[in-house]
Amino acid sequence: MRLDFFVANSTGLSRKASRQQISKGEVTVDNEVCRKAATPIRTDQRVCWREQPLALPGERYFMLNKPVGVVSATRDRDHTTAVDLLPAELRPGLHVAGRLDIDTTGLLLLTTDGNWSHRITSPRYQCRKRYRVTLAEPLEQAARLKLEQGVVLKDDPQPTRAARIDAISEQVVDLTISEGRYHQVKRMLAAVGNRVEALHRLQIGPVELDPTLEAGAFRVLTDDEIGLL
Ligand code: URA
């Protein structure tokens with residue numbers, strides 16, 4: 001959708017007034033002022049007017065219990081995607097807000113609202129994610145302390161932010177992190193000499209995976225859940 005349509009549809013301003021706001025530099029796209037009314041806007045882009053994030057009416061928001069073998073993408077030549085698990089009429093414009101690896105299961109959020117997904121994925125908001133981690137070895141106390149304080153990952157000198165660990169059993173822990181680096185949980189456990197055998201996301205910010213959703217099933221988010229993030 002063109003930027004002037006986006007601004008008009010999300011604010012209620014006329015197309016002419018929207019174009020004026022754009023040319024005055026009042027509108028940003030992904031934090032950059034954009035003065036071209038015809039700029040095409042993708043669904044994952046963040047549009048703000050006078051520093052307020054804009055959302056189109058009729059945006060859609062879903063949670064999915066992602067099964068193993070499904071990729072967190074919109075399109076893929078070789079694998080079923082998370083978007084493929086929703087009925088065709090709900091798919092247009094959907095993108096994933098916070099990816100999971102192909103072998104990770106659990107809570108995946110899908111939306112058409114780029115501003116909303118930005119709050120989940122941008123490092124600026126430090127959105128918390130809770131994972132149930134099944135380990136190859138019992139977690140030693142020293143390793144637990146290191147993970148809680150922050151560890152240095154392979155090929156990444158910046159230590160991880162403080163994490164929370166809740167033991168579920170000897171080889172199962174809930175790990176809560178507020179970053180989303182590439183393969184972060186697996187690399188954190190590797191950094192303390194352990195290995196992830198299974199990974200399942202239970203929570204993103206305050207939104208928890210609905211325990212009634214079977215693997216592969218989805219539901220619409222409630223207004224409360226949408227508002228919490
Ligand atoms: N960390 C990982 O290593 N994999 C995921 O899918 C999510 C977090």
Just give me the residues in the range 161-172 being within 15 Å of the ligand (Cβ to nearest atom) and either at pLDDT below 95 or outside any strand (DSSP E or B) (or both), in sequence order. ARG161, ALA163
Based on this model, can you work out whether LEU175 counts as part of a strand (DSSP E or B) and either buried (at least 18 other Cβ atoms within 10 Å of the Cβ) or free of Cβ contacts under 8 Å to residues at least 60 places away in the same chain (or both)? yes
Inspect all residues belonging to the range 64-77 and state whether any of them is under 19 Å from the mean Cα position of the chain (by Cα), among the basic types (Lys, Arg) and modelled with pLDDT of 95 or more. yes
Just to be sure, is ILE102 of a type in the set (A, V, I, L, M, F, W, C) and in a helix (DSSP H, G or I)? no
Taking ALA73, is it closer than 19 Å to THR104 by Cβ, in a loop (DSSP other than H, G, I, E, B), of a type in the set (A, V, I, L, M, F, W, C) and without any contact (Cβ under 8 Å) to a residue 60 or more places away in the chain? yes
Taking the condition in contact with a Phe, Trp or Tyr (Cβ under 7 Å, 6 or more places away or on another chain) and either surrounded by 15 or more Cβ atoms within 10 Å (Cβ to Cβ) or among the hydrophobic types (A, V, I, L, M, F, W, C) (or both), does VAL96 pass? no
Within the range 99-118, which residues are farther than 20 Å from TYR182 by Cβ and in contact with a Phe, Trp or Tyr (Cβ under 9 Å, 6 or more places away or on another chain)? LEU110, THR111, THR112, ASP113, TRP116
Test: residue in the range 105-117 that is outside any strand (DSSP E or B), open to solvent by 10 Å² or more (accessible area, probe 1.4 Å) and farther than 19 Å from THR222 by Cα: no
Name every residue in the range 17-45 that is out of contact with any Leu (no Cβ under 9 Å at 6 or more places or on another chain), open to solvent by less than 80 Å² (accessible area, probe 1.4 Å), under 27 Å from LEU229 (Cα atoms) and assigned to a loop (DSSP other than H, G, I, E, B), in order of residue number. GLU26, ASP30, ASP44, GLN45
The residue from LEU139, LEU153 that alone is aliphatic (A, V, I, L, M), closer than 27 Å to PRO123 by Cβ, at pLDDT 95 or above and within 15 Å of the ligand (Cβ to nearest atom) is LEU153
Unmet criterion (only one of (1) surrounded by 13 or more Cβ atoms within 10 Å (Cβ to Cβ); (2) of a type in the set (A, V, I, L, M); (3) within 22 Å of the chain's Cα centre (by Cα)) for VAL151: (3)
Among the candidates TYR131, TYR182, single out the residue that is part of a strand (DSSP E or B), aromatic (Phe, Trp, Tyr) and within 16 Å of the ligand (Cβ to nearest atom). TYR131
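The values are calculated or read from the model by the stated rules, or taken from the named source; none is laboratory data. Note that the structure is predicted; figures quoted are calculated from it, not measured. Don't worry about glycine lacking a Cβ; one is built from the backbone with ideal geometry, like all the others, and counts go over all protein chains shown. Heavy atoms of the whole protein, side chains included, go into the accessibility calculation; ligands, DNA and RNA do not. Shrake-Rupley method; radii C 1.70, N 1.55, O 1.52, S 1.80 Å.
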